[in-house]
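Just so it is clear, none of the values below were taken in a lab; they were calculated from the coordinates. This is a predicted model, so every value here is computed, not measured. We place every Cβ from the backbone using ideal geometry, glycine too, and count neighbours over all the protein chains shown.
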Amino acid sequence: MSLIRELRKQQGLPIDALAHKAGVSNSTIVLWERYGLVPKRRKTVEKIARALGVDADELLNAYREEGSQP
């Protein structure tokens, strides 16, 4: 399970709530969480990380460690 999904579920946030909290589209969350497509803009990664209460580098490192697996 991806770190984003794990953190989102721990906080009881549906995808749309996380997207709203981060100020990004639902598809941005879905594409990263389910398909491993990391947003190209660092600012977007930082928004998602902030909404989840973690560091952006932590999210990126977890993605790399998962070997691009969602």
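Summary of computed values
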| read-out | value |
| --- | --- |
| Selection within the range 1-46 - over 12 Å from Leu60 (Cα atoms) and among the aromatic types (Phe, Trp, Tyr) | Tyr35 |
| Residue list for the range 4-49, restricted to those being among the aliphatic types (A, V, I, L, M) and in a loop (DSSP other than H, G, I, E, B) | Leu13, Val24, Leu37, Val38 |
| Every residue from the range 27-60 that is under 13 Å from Arg8 (Cα atoms) and surrounded by 13 or more Cβ atoms within 10 Å (Cβ to Cβ) | Ile29, Val30, Trp32, Glu33, Arg34, Ile48, Ala49, Arg50, Ala51, Leu52, Val54, Leu59 |
| Cross-chain or 6+ apart pairs with Cβ under 7 Å, the range 15-41 first and more than 13 Å from Leu3 (Cα to Cα), then in a loop (DSSP other than H, G, I, E, B) | Ala19/Ser25; Thr28/Pro39; Leu31/Leu37 |
| Some residue of the range 7-29 being touching a Ser or Thr at 6+ places or on another chain (Cβ under 8 Å) and of a type outside the set (Gly, Ala, Ser) | yes |
